[in-house]
Amino acid sequence: MHEDLVLRCTLRGSQKRQRYSNTGRRLFADPIAVGDQVIFTQIDQEEGVIEEILPRETKFSRQYAGKHESIEQIIVANASQVVVVVSTHMPPLNYRTLDRFLILAEAGEMSATICVNKMDLVNTEEKEELISTFNTYENLGYPVVYTSINSAESIENFRNVIKDKFSVIVGASGVGKSSLLNSIQPNLELRTGEVGEKTRKGKHTTTLVELFSLNIGGEVADTPGIREVGLWGVDTDNLEYYFPEMEPLIGSCKYKDCAHIKETDCAMQEAVEKGNIHPERYNSYIVLKTGNIGEY
Ligand SMILES: Nc1nc2c(ncn2[C@@H]2O[C@H](COP(=O)(O)OP(=O)(O)O)[C@@H](O)[C@H]2O)c(=O)[nH]1
Ligand SMILES: [Mg+2]
Ligand SMILES: [Zn+2]
């Protein structure tokens, strides 16, 4: 059987310096990210040196609030899709968080799929409302898969979502990201029900991302619950471009610089009233427009 070569590598100094601009300003939280493709020199059976980091096709980044500045933290490079996991209960469903992740996926040029987990915890009435809201997301072009780790059929649907792709799995702590991955491939043995990032004191390196190859084909990066989802690479002056339901209405408001919040003759607010923009989505728009860093 073919064994993958695993080398412990250091980064050539010239590569480390690339995290700074010409004026010495720090650009990235880390010079290298999970998912990066590199050119390396093998030293022996165990060690190597990374000579060059190849250009990234996609980036899933967040804004990392450092001591003195806000910089980019690349969570995963080169992924082709983001799978945003939310849970129906425990923790409760948070549409603000969901929409932040969808916008980061748009900004990073990745497709996004939504996984609504813990479906075993909803009653019939809740289920109807839930599916109605998520139909809105499906109509926006975000496929939705409903799962429960107790339902083999739903796990099969989840497997089909991540098969043969390089996915990054994101979502609040406790929604079931690691459990879902263990369900599709038990030998991953990911820790579940673990303590949140908050209790693991330390610096930004607590954002430990683990990358796995799947037996069914594809790669998957499991992320811990990222507490601060600061938008990175998102032009908040033009936030409506990241909302597929708002984009076609751009330019239809009375005022050219309309923020779509309190202005009169605003096409977006009219669309909300008519039911063409879902209130949860509009709510996310307002929250993101008026303040950037959000905790959950
Ligand atoms: N009832 C129910 N509990 C789940 C489901 N998926 C995960 N859990 C539980 O939720 C807790 C957190 O799961 P974990 O996978 O660690 O979440 P993560 O932080 O997103 O990786 C664990 O106690 C899991 O057993 C599900 O579909 N239904
Ligand atoms: Mg986990
Ligand atoms: Zn407007």
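The values are calculated or read from the model by the stated rules, or taken from the named source; none is laboratory data. In this text, all values refer to a predicted model and were calculated from it rather than measured experimentally. Neighbour counts run over all protein chains shown; Cβ positions are idealised from the backbone, glycine included.
Here are the numbers for this structure:
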{"quantity": "Lone qualifier among THR192, THR133, THR205, THR199 - being closer than 27 Å to TYR242 by Cβ and either away from ligand 3 (no atom under 16 Å from the Cβ) or modelled with pLDDT under 95 (or both)", "calculated": "THR133"}
{"quantity": "Odd one out for TYR255 among (1) touching a helix residue (DSSP H, G or I) at 6+ places or on another chain (Cβ under 7 Å); (2) modelled with pLDDT of 90 or more", "calculated": "(1)"}
{"quantity": "Of all residues making up segment 3-34, the number that are in contact with a Lys or Arg (Cβ under 8 Å, 6 or more places away or on another chain) and at pLDDT 90 or above", "calculated": "1"}
